[in-house]
Amino acid sequence: MESPRTSYRICPLCEACCGLEITTRGREVVAIRGAPNDVLSRGYLCPKGYALKDLHEDPDRLRQPLVRRGGTLQPATWEEAFEAIARGLQPVIEQHGRDAVALTFGNPAAHKMGLLLYTGRLAKALGSRNVFSASTLDQMPKQLANGWMFGHWLTMPIPDIARTDWLLVIGANPMASNGSLWCVPDFRGHAKALRQRGGKLVVIDPRRTETAAIADEHHAIRPGGDVVLLAAMVHVLFAEGLVKLGRLEGLLDGVDAVRSAVTPYTPEAAAARCGVDPETIRRLARELAAAPRAAVYGRIGTCVQRWGTVNSWLVEVLNALTGHLDEPGGAMFAKAAAFADNTVGPPGRGRGIVTGRHASRVSGAPEVWGELPMTCLAEEMETPGEGQVRALISVASNPVLSAPGGPRIARALERLDFMVSLDIYVNETTRHADVILPGQSPLELLHYDTAFPQFSWRNQARASAPVFEPDPAHVPEWLQLTTLGVIVSGRGSTPAQALQVDDEALEVELQRVTGSGAQAEAARAAMQAQGLRGAEARLELALRSGPWGDGFGVRPEGLTLERVLATSGGIDLGELQPRLPEALRTPCGRVELAPPVCLQELQRAQEELHAVQPELVVIGRRDVRSNNSWMHNLPVLAKGRERCTLLVHPSDAASRGLADGAMATIAGAGAALPVRVEVSDAMRPGVVCLPHGWGHGEPGVQLGVAAQRPGVNLNALLPDDVRDAPSGNAVLNGVAVTLVAMPAVAALAAAD
Ligand SMILES: Nc1nc2c(c(=O)[nH]1)N[C@H]1C(S)=C(S)[C@@H](COP(=O)(O)OP(=O)(O)OC[C@H]3O[C@@H](n4cnc5c(=O)[nH]c(N)nc54)[C@H](O)[C@@H]3O)O[C@H]1N2
Ligand SMILES: Nc1nc2c(c(=O)[nH]1)N[C@H]1C(S)=C(S)[C@@H](COP(=O)(O)OP(=O)(O)OC[C@H]3O[C@@H](n4cnc5c(=O)[nH]c(N)nc54)[C@H](O)[C@@H]3O)O[C@H]1N2
Ligand code: SF4
Ligand SMILES: [Mo]
């Protein structure tokens, strides 16, 4: 029997990026635990980390390409698959132009280096306007607001949780999600430490969430009331003379414009809409201003609503006006060791961001960061005319379950001329594909988080080597994307051709980064010696030329990929440091505290102060044992109690004659779904709560475990024609629904 081996692997399943210690014997995973010496996660892991074993072993996970033949998806060679893709995509481009091919990419694309570094390259090679991603179901409002304020899409402050003494969490549930745009493994431990040093945690959420349950205070906001609540808090700062700019005085443009924009938002005017009383609003603003070290953190609950951009902006306005922006214990900017645009180029000033370079064909929604809103995908496929989407490349994306109007998307996918999916399962979306190219198991890949160190609670650099050697015949995902790139640009159709194209592109990049002298030579030699190509070569380049890198010999003590890989727990780069004005890339070289669109939106949002509220609205929720739409096939997570249930406040249940555990019908956006009711006083009355990412019962889906308890698709209830206007982000919470008890006979059938 082989002896056990220990490997260290960063978990790629969520933004906490925990370091795992994995024990293997031969090709078998024997144990997974949190790596105690990991500089970021310090031994923490959640149940999903352990599920990497199930993911690696999942018999439903694809290991070979599938090609549709005679109506069914059948195993094929890589060569056959790429030939089929060329045959499918090239005629569409020749006959209908580049916009006729759409690209969607989903959440797991942010968690694999090969996918994140190469999806943008594919988009560029494709040259289609029809690029859609999970960003417009998620964080685009936050990126847009912060992009305007600080000059880059990923320059977003995070609470300096290790030192803060007063933390307001609005629209986030890090106890279940493990943090988002905030890389903070073991939120519970950090929150506990905060409270032990006398600090305070305040949560604003329509549900008394797992995070609210460990907080000092919870305020059950009425969904969508954030804009008036946040604006009223800013109002109080001005009205009571609490504005304190501190070190940033002279670096903040637009303070007076903010002052007049919040004038109508008195706490009294805001209270009815947000459901938080005026005295509490005042007190929260005063406490935030008075605390020496404090921060406000807003996340998806503040984004996925009509006022997402203005909410995200107001969160940072609160941090800035109370002297907490860029201060220890406040809202600070991490400094990532690689791939961060706010560490590249001249410090302190830049081009800023632009949007609206084109618009979607049917609804005229503006382009934002090269993308159109995911909620426009269905209409772009359905509506005839020039530029109609006739083919789709989906990359780690499952919009049938993750986007509003999912069933409509499914119908449109079925009518496409051609569809190719890079995915690991045949699921609700990929079952419509003509070709599926499988990704590798995370345990077979070198890993470095390209995005999340930009939001790390502590600066660090960590990388993990593959736990298992990959099958040499398996085309890695970065090369799959590059091969699609050469196919759509008519430069070839094989991975070998794509490899050559990538090598050439890499050489250009290498010269741009290192110049043409000794450093370029050193870079080439290093890559050759380590056999690095593609994504891995780009990582070496980014790390060594990054802010902590060795500059290919210029700073001999600096980081190299080899040095980072040689550690089992990564390299600690210390606590967060003030970064303003250096991190800015705005054209004016200052913080844009009052972006014009945000001011206009805030004016429009006054309609909220008097809007009639629906009787019942639905919001979503995340469960620690689930992850969006795709981890329901892993036995270790799927076991236990039913998770796709509807939380209903006792008063709403009583008025509808619903008992705990009863079946009911929830209806919205033209759909009606059977749901099991879970009566819960954690809900705000008038608000029900259903998780997203369920609904695995469709024919053709090959998810054996998930099919046993498929759940229902929340997104079937959500309309696809309402968005946050500036960012194009979908509205996923606070949507009006009806709920009625199910007749006994129907309930029996539905519960089976
Ligand atoms: N109502 C409602 N809807 C929501 C949300 C909500 O809160 N409420 N949240 C939204 C958010 S924040 C997001 S990010 C989206 C997420 O939604 P999506 O972006 O669609 O992402 P996932 O559901 O995580 O998974 C997408 C696909 O990736 C595949 N996949 C998994 N691992 C790999 C891999 O290693 N390689 C490849 N090639 N494919 C892989 C899975 O099989 C699945 O098909 O959902 C959004 N939808
Ligand atoms: N276990 C698990 N972890 C995950 C995921 C997962 O699916 N499962 N998904 C990952 C992804 S893709 C993302 S983007 C992150 C998201 O990470 P978080 O932002 O922490 O996500 P949620 O847990 O959905 O928290 C959003 C909270 O907003 C609340 N909310 C709803 N409507 C409103 C409102 O109108 N106002 C306010 N103030 N709050 C509201 C909800 O009740 C919920 O508690 O999580 C990531 N981590
Ligand atoms: S919190 Fe869980 S899923 Fe997220 S990175 Fe850590 S172990 Fe993985
Ligand atoms: Mo997300």
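The values are calculated or read from the model by the stated rules, or taken from the named source; none is laboratory data. Just so you know, these numbers come straight off a predicted model, no measurement behind them. All Cβ positions, even for glycine, are placed from backbone atoms using ideal geometry, and neighbour counts span all protein chains on display.
For this structure, a couple of remarks:
- Search result, residues across segment 627-656 that are polar (S, T, N, Q), away from ligand 4 (no atom under 16 Å from the Cβ) and out of contact with any Leu (no Cβ under 6 Å at 6 or more places or on another chain): 645, 651, 655
- Strands (runs of 3 or more DSSP E) lying entirely in segment 26-88 (those with 2 or more residues that are touching a helix residue (DSSP H, G or I) at 6+ places or on another chain (Cβ under 7 Å)): 28-34
- If you check 701, 679 for being more than 16 Å from residue 617 (Cβ to Cβ), away from ligand 1 (no atom under 16 Å from the Cβ), in contact (Cβ under 8 Å) with a residue 24 or more places away in the chain and of a type in the set (Val, Ile, Thr), only one passes: 679.
- From 233, 175, residue being within 14 Å of ligand 2 (Cβ to nearest atom), assigned to a helix (DSSP H, G or I), among the aliphatic types (A, V, I, L, M) and in contact with a Ser or Thr (Cβ under 7 Å, 6 or more places away or on another chain): 175
- Restricting 31, 51, 35 to those that are among the hydrophobic types (A, V, I, L, M, F, W, C) and either within 16 Å of ligand 1 (Cβ to nearest atom) or within 27 Å of residue 421 (Cβ to Cβ) (or both) reduces the list to 51.
- The residue that is nearest to residue 726 (Cα to Cα), counting only those in segment 105-118 that are more than 8 Å from ligand 1 (Cβ to nearest atom) and surrounded by 24 or more Cβ atoms within 10 Å (Cβ to Cβ), is 118.
- Residues considered: 172, 239. Of these, the only one that is surrounded by 18 or more Cβ atoms within 10 Å (Cβ to Cβ) and modelled with pLDDT of 95 or more is 172.
- Only one entry of 102, 125 meets the criterion of being part of a strand (DSSP E or B), away from ligand 3 (no atom under 16 Å from the Cβ), modelled with pLDDT of 95 or more and closer than 30 Å to residue 452 by Cβ, and that entry is 102.
- Those residues of segment 524-546 which are buried (at least 20 other Cβ atoms within 10 Å of the Cβ) and either out of contact with any helix residue (DSSP H, G or I) (no Cβ under 9 Å at 6 or more places or on another chain) or touching a residue at least 40 places away in the same chain (Cβ under 8 Å) (or both), in sequence order: 534, 535, 536, 538, 539, 542, 543, 546
- Scanning segment 657-676 for residues that are without any contact (Cβ under 8 Å) to a residue 40 or more places away in the chain, under 12 Å from residue 741 (Cβ atoms), among the small types (Gly, Ala, Ser) and in contact with a strand residue (DSSP E or B) (Cβ under 6 Å, 6 or more places away or on another chain) yields no hits at all.
- Evaluating residue 624 against the criteria (1) on the phi < 0 side of the Ramachandran plot; (2) out of contact with any Cys (no Cβ under 6 Å at 6 or more places or on another chain); (3) within 16 Å of ligand 4 (Cβ to nearest atom) leaves one unmet condition, (2).
- All of 151, 171 fail the test of being touching a Lys or Arg at 6+ places or on another chain (Cβ under 7 Å), over 19 Å from residue 40 (Cβ atoms) and within 16 Å of ligand 4 (Cβ to nearest atom), apart from 171.
- Filter pass, residue 401 being outside the structural domain of residue 89 (by TED's automatic domain parsing) and in a helix (DSSP H, G or I): no
- Near pairs, Cβ below 9 angstrom, 6+ apart or cross-chain, from segment 392-410 (free of Cβ contacts under 8 Å to residues at least 24 places away in the same chain) to any residue that is of a type in the set (Lys, Arg) and outside any loop (DSSP other than H, G, I, E, B): none
- Answer residue from segment 328-341, given it is under 10 Å from residue 579 (Cα atoms) and buried (at least 24 other Cβ atoms within 10 Å of the Cβ) and is farthest from the chain's Cα centre (by Cα) among those: 332
Every residue, every condition in (1) closer than 23 Å to residue 651 by Cα; (2) within 16 Å of ligand 1 (Cβ to nearest atom); (3) aromatic (Phe, Trp, Tyr), yes or no:
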| residue | (1), (2), (3) |
| --- | --- |
| 590 | no, no, no |
| 595 | no, no, no |
| 601 | no, no, no |
| 604 | no, no, no |
| 608 | no, no, no |
| 611 | no, no, no |
| 614 | yes, no, no |
| 618 | yes, yes, no |
| 625 | no, yes, no |
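- Candidate set from segment 145-169 (those that are within 15 Å of ligand 2 (Cβ to nearest atom) and part of a loop (DSSP other than H, G, I, E, B)); member that is surrounded by the fewest Cβ atoms within 10 Å (Cβ to Cβ): 154
- Residue list for segment 128-144, filter: within 16 Å of ligand 4 (Cβ to nearest atom) and either out of contact with any Gly (no Cβ under 6 Å at 6 or more places or on another chain) or part of a strand (DSSP E or B) (or both): 132, 133, 135, 137, 138, 139, 140, 142, 143, 144
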